[in-house]
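> Below you'll find the structure I mean.
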Amino acid sequence: MPLAVVAGITLLASLLLPLAVKPWLVRMGVVDVPSARSSHHKATIRGMGVATALATAAGYLAAVMLGVVTVDRSLFAAVLAIIAACSAVGWIEDLRGLSIRGRAVAQLGIGAAGSAALIALTGQSFWWLPLAAVAIAAYVNIANFMDGINGISGLHGVTAGGAYAVAGLLSDQPWLTAGGAVLAMSFLGFLPWNLGRGSVFLGDVGSYLLGSSIAALAVAGFLSGVYVEYVLTPILVYAADTGYTLLRRIKAGERWYASHREHVYQRLTDVGFTHLQSAALVTVCTAAVIVLGFIAATAPLPTVALCVAGSLLILVLYLASPDLIRRFRRRSKVTRIPVA
């Protein structure tokens, strides 16, 4: 099956390319030094997203060459162009840094140009342009903010990619199936490198790759008529974490744009979760919301209401999880009876 071959090529490239990329990053001195928003404590090689980006490009090329995407190739190419441009901005950020204004202009510019192309290709109204452009730029930043512990971005790429691959199958959109499969396999191949003893980080090039891949597929899918539940549910937990954290910081009178480590997934590590446990919780919540969303897309109204209520409950429990765990542990200490 051509799709399986594409997935295999992407996974193999993602697994093997770091062997060549890592020594190159070492020579260039692309190192992540712990900062106020970091959950690690020692300098670590970053920028391994270069290998993941190359694997993504290989997967997209293979999908076209092997005939997985025979129609909507222009749409597929536009999605890849958005991904490539955002990844390039992330690489520049890794190498020499960019100002907040510079990043914002670049991200919005790519979002606007990419969205304009997608709208033209799908024949939709250009009234969607501002929303689509902001959505792409915003999710690139959300993915960057959420890339703070080992495993979280790799698992998110696998989960979101898998969801979009299934969405493409259910919607008869082969380009979406191929894009989702490539996304999932690219980040699955990154996970062993990120979780191993000599762990490496994606860097901004990798988190921008992740955010733009998901956002571009979601926007293109929405404009192509894919059910909104299919395209939105993979991003809800990440968006909720980022939005909730932003509101908490504004309410506390803190500079919302300053570096920090107050995201829910980071606060979970403060109450005793390991990196992998925190990343797994985010992934499980995301997967649960995706399943409920896929059910709601074609279900009768009473079932839709139950799915929406279930999704909201999952999001609320996730956002409250650090406080709930902390209270539970305090209560356990108070009620524990000492043994004589």
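The values are calculated or read from the model by the stated rules, or taken from the named source; none is laboratory data. Nothing here was measured: the structure is a model prediction, and the numbers come from that model. Ideal geometry is used to build each Cβ from the backbone, glycine not excepted, and the neighbour counts take in all protein chains shown.
> Taking segment 177-193, which residues are more than 12 Å from PRO234 (Cβ to Cβ) and surrounded by 24 or more Cβ atoms within 10 Å (Cβ to Cβ)?
ALA178, GLY179, ALA181, VAL182, MET185, SER186, PHE187, GLY189, PHE190, TRP193
> Just for segment 89-102: of the residues that are out of contact with any Asp or Glu (no Cβ under 9 Å at 6 or more places or on another chain) and touching a residue at least 60 places away in the same chain (Cβ under 8 Å), which one is farthest from VAL26 (Cα to Cα)?
Restricting to residues being out of contact with any Asp or Glu (no Cβ under 9 Å at 6 or more places or on another chain) and touching a residue at least 60 places away in the same chain (Cβ under 8 Å), the top hit is ILE100.
> Kindly check whether there is at least one residue in segment 152-175 that is within 25 Å of ILE9 (Cβ to Cβ), touching a residue at least 12 places away in the same chain (Cβ under 8 Å) and not in a helix (DSSP H, G or I).
yes
> Among the helices (runs of 4 or more DSSP H) contained in segment 219-331, which hold 2 or more residues that are of a type in the set (Gly, Ala, Ser), surrounded by 20 or more Cβ atoms within 10 Å (Cβ to Cβ) and touching a Ser or Thr at 6+ places or on another chain (Cβ under 8 Å)?
Passing ranges, in order: 275-297.
> Specify which of the listed residues (ASP32, ASP72) is acidic (Asp, Glu) and at pLDDT 90 or above.
Residue meeting the stated conditions: ASP72.
> Inside segment 63-84, can you point out the residues that are farther than 16 Å from THR52 by Cβ and without any contact (Cβ under 8 Å) to a residue 60 or more places away in the chain?
VAL64, MET65, SER74, ALA77, ALA81
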